[in-house]
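One structure is given here, and the rest of the page talks about it.
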Amino acid sequence: MAEQEQNCLPQVLVLGTPPPGFSILRSQYSHKFHFLSFFKPSELSLHQFLASHHRCDPSSILAILCGAQDPVAGEVLRLLPSLGVVVTTSAGTNHIDLAECRRRGILVAGAGGAYSEDVADVAVGLLIDVFRKISAANRCFLMKSRMQFTPGDLLLGSKVGGKRVGIIGLGSIGLKTAKRLEAFGCIITYHSRNRKPSIPYPFYPNILDLALASDALVLCCALNEQTKHIVNKEVMVALGKEGIIVNVGRGGLIDEEEMVKCLVGGEIGGAGLDVYENEPLVPQELFDLDNVVLYPHSAAFTSESIVGVVEVVVQNLEAFFSNKSLVTPPTDRGMCSAFSSS
Ligand SMILES: O=CC(=O)O
């Protein structure tokens, strides 16, 4: 596209690591938006990048596009005096300084429910894997020794049907996880910020009570000040030696150091994890445990969900630049709707 034509397009500053779907966005929507990519690693600071970019007056930037991996902190927002919207390709918005956005009236839009089914699939997959020791068996029989096996030998798993599963956070991911597990014969209960009157599952206002009444806890909530370390040592002890934890929310929801100790010491039965407290670092001890299944923060991503999120991003940008309401506006506390606020 000629530079002159591009100059007339709404500018979108794309930050950090190329967000999922960005190559589709760039190839299919560059006639609608001028994507100004400031990707890592860069020798320039954002300030220098904006100053060196020939047509980029920071006050001409009204929109940021980002993914979950890169913080959109106060200092970034302060460089962009006219910013009106932050669109993230993630369901979670904990990487964005929501308080500063609220203060400045900057809108925030996330992936909405674009990933919910895929994340729920992985939550169920991790739960089944831990209870039935699928990865452990794979590791033991096939990868380590390639030995012949006797059916039913050694790795006796635990039945999924009948398990009491406490879901923490009943947004669209939590609800889809609950529905799937119900079909496996699990008994569902939940904890969230408020009881949901239209939901039939028993509600536990207290997370310790939920842990005491559960064989598995599945974390599907957003990370914020209220939910950080919502699963702490006390909760893990209440869950008990046979209990397992599945986390598809954010690593910081669990006190990871304590979780590692509980797993190593046998105080909980196992864990299926998609997210970690200090990503991309994963505590070394976890790699050696057969009762732990690790996934690399990829529960959200399938070829289909990436196409879906591109649509949501485009709809949000189009809505914003034509002064319409965003299609996935944040909830009252600035969070997007796929993760419940706990
Ligand atoms: O973790 C992934 C997301 O928030 O989309």
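Read-outs: derived from the displayed coordinates by stated rules, not from any lab. Being a predicted model, the structure only gives us computed values, none of them experimental. Positions of Cβ are backbone-derived with ideal geometry, glycine not excepted, and every protein chain shown enters the neighbour counts.
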_Cα pair distances in the range 26-100, grouped into 5 Å bins until the bin that holds the longest one, percent each_ = 3, 13, 25, 27, 21, 10, 1
*Would you work out the relative contact order for the chain, in percent, from Cα pairs under 8 angstrom that are 6 or more residues apart?*
19
*In what sequence do 325, 198 fall when counting other Cβ within 10 Å, fewest first?*
198, 325
_I'd like the distance between the alpha-carbon centres of the range 61-76 and the range 212-288, rounded to an integer number of Å._
28
*Could you go through the range 86-92 in sequence order and give the Karplus-derived ³J(HN,Hα) for each residue, using 6.51 cos²θ - 1.76 cosθ + 1.60 with θ = phi - 60°, rounded to whole Hz, and x for Gly and Pro?*
10, 9, 10, 7, 9, 7, x
*For helix 172-183, report the angle its Cα long axis makes with the longest principal axis of the Cα atoms of the chain; keep it between 0 and 90° and round to the nearest 10°.*
30
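Show me the ranking of peptides 245-253, 309-317 by mean Cβ neighbours inside 10 Å, starting with the highest.
Those peptides, ordered most packed to least, come out 245-253, 309-317.
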*For an R0 of 56 angstrom, estimate the FRET efficiency from the Cβ-Cβ distance between residue 234 and residue 59 and round to the nearest 0.05.*
0.65
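Please rank 201, 115, fewest neighbouring Cβ atoms within 10 Å first, as an exposure proxy.
Fewest-to-most ranking of 201, 115: 201, 115.
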*Total formal charge among the other residues, if their Cβ is under 12 angstrom from that of residue 104, Lys/Arg +1 and Asp/Glu -1*: +1
*Please work out the Kirkwood hydrodynamic radius for the range 116-294, using every pair of different C-alpha atoms, and report it in angstroms with one decimal place.*
16.3
_Taking the number of other C-beta atoms within 10 Å as the exposure measure, put 134, 173 in order starting with the fewest._
134, 173
*Near residue 300, within a Cβ-to-Cβ distance under 9 Å, what is the net charge of the other residues, with Lys and Arg +1 and Asp and Glu -1?*
-2
_Under 8 Å for C-alpha pairs, at least 6 residues apart: give me the relative contact order for the range 190-342, rounded to a whole percent._
21
*Where is the GNM fluctuation largest for the chain (alpha-carbon springs, 10 angstrom cutoff): 177, 88, 17?*
17
*Search the structure for amide H atoms under 5 Å from the amide H of residue 167, placed 1.01 Å from N in the peptide plane, and list their residues when 5 or more places away or on another chain.*
189, 190, 191, 218
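Report relative contact order for the range 116-294 in percent, whole number only (criteria: Cα-Cα under 8 Å, sequence separation at least 6).
It comes to 21 percent, rounded to a whole number.
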*Semi-axes of the chain's equivalent ellipsoid from the Cα gyration tensor, sqrt of 5 times each eigenvalue, largest first, rounded to whole Å?*
40, 22, 18
*asked:* Using alpha carbons only, how many angstrom separate the centre of the range 164-191 from the centre of the range 112-134?
replied: 11
*Select from 79, 273, 156 the residue whose mean-square fluctuation is largest in a Gaussian network model of the chain (Cα-Cα springs shorter than 10 Å).*
156
